[in-house]
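What follows is one structure encoded as structure tokens, with my remarks underneath.
The values are calculated or read from the model by the stated rules, or taken from the named source; none is laboratory data. Computed from a predicted structure; not experimentally measured. Methodologically, a virtual Cβ is constructed for each residue, glycine included, from the backbone with ideal geometry; neighbour enumeration extends over all protein chains shown.
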Amino acid sequence: MKAVIFDLDGVITDTAKYHFQAWKTLASAIGIQIDETFNEQLKGISRMDSLERILKFGGRTTDFSNEEKNRLAECKNEDYRKLIASMTPDDVLPGIQKFLSELKEAGIKIGLASASKNGPFILDALKITHFFDTIVDPAKLKKGKPDPEIFATATAQLNLQPYNCAGIEDAVAGIQSINEAGLFSVGVGVPDEVHADWRINSTEALTLSGLKKHFKKKI
Ligand code: B16
Ligand code: MG
């Protein structure tokens, strides 16, 4: 195994609660009420695709021009940026800091495959940017998760073949992206109906020895 590619939200830190809060405020301002169950569908989904899903859910798909939709998405992002402004290294999920150190010491490359355009800002706030050998820019992708493009791009940026890499995800769309791109998939708390090569309940279970053991088994 030559590289591990991380998702951000739900794997490195829990920004889902802030995304939810910001989307809930925005949706409610245009007369749509969303709850936590609906929010599960937005995990790993790009900002604009999330807005489209909310509009569809509220039956308002055709009510806004592209310009208005861009403004709505921007409005949500401003709100979201305010909520994440106070993030610190204490917000790194359990086990992640240690796991990143283990990978670094073992000479295994580390990549980020997050749908979030705020990814680099969040890594900085968490003070873990230095661990990353590559970060995919989601603005340059043609298709978002569940399309394999984002994980395939991460491995290509490292000049590695997908089968030599592992990807870690918490969202259904994300794990589908890893599987289709041909990486070894690690699912953190993903529902039983989606396939993950190694299934764990919490990031605390992430260790290099555990990952290597399961990775070898698959090969
Ligand atoms: P932004 P991930 C995703 O992050 C979130 O899960 C998703 O809810 C969000 O809409 C998306 O990033 C885009 O985020 O608005 O900050 O560009 O799970 O792929 O790390
Ligand atoms: Mg995620």
Which ones in the range 190-206 are surrounded by 14 or more Cβ atoms within 10 Å (Cβ to Cβ) and in a loop (DSSP other than H, G, I, E, B)?
Val190, Val194, Ala196, Asp197, Leu206
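Rundown of residues vs (1) modelled with pLDDT under 95; (2) more than 16 Å from ligand 2 (Cβ to nearest atom); (3) under 21 Å from Glu68 (Cβ atoms), yes/no style:
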{"position": "Asp14", "(1), (2), (3)": "no, no, no"}
{"position": "Lys17", "(1), (2), (3)": "yes, no, no"}
{"position": "Phe20", "(1), (2), (3)": "no, no, no"}
{"position": "Ala27", "(1), (2), (3)": "no, yes, yes"}
{"position": "Gln33", "(1), (2), (3)": "no, yes, yes"}
{"position": "Phe38", "(1), (2), (3)": "no, yes, no"}
{"position": "Arg47", "(1), (2), (3)": "no, no, yes"}
{"position": "Ser50", "(1), (2), (3)": "no, no, yes"}
{"position": "Ile54", "(1), (2), (3)": "no, yes, yes"}
Out of the residues in the range 1-53 that are assigned to a helix (DSSP H, G or I) and among the polar types (S, T, N, Q), state the one that is surrounded by the fewest Cβ atoms within 10 Å (Cβ to Cβ).
Thr37
Any residue in the range 190-219 that is in contact (Cβ under 8 Å) with a residue 60 or more places away in the chain and closer than 18 Å to Lys109 by Cβ sitting within a Cβ distance under 7 Å of a residue that is surrounded by fewer than 14 Cβ atoms within 10 Å (Cβ to Cβ) and aliphatic (A, V, I, L, M)? List the pairs, counting only those 6 or more apart or interchain.
Leu208/Ala106
Given (1) in a helix (DSSP H, G or I); (2) surrounded by 18 or more Cβ atoms within 10 Å (Cβ to Cβ); (3) within 15 Å of ligand 1 (Cβ to nearest atom), index of the condition Asn179 fails:
(3)
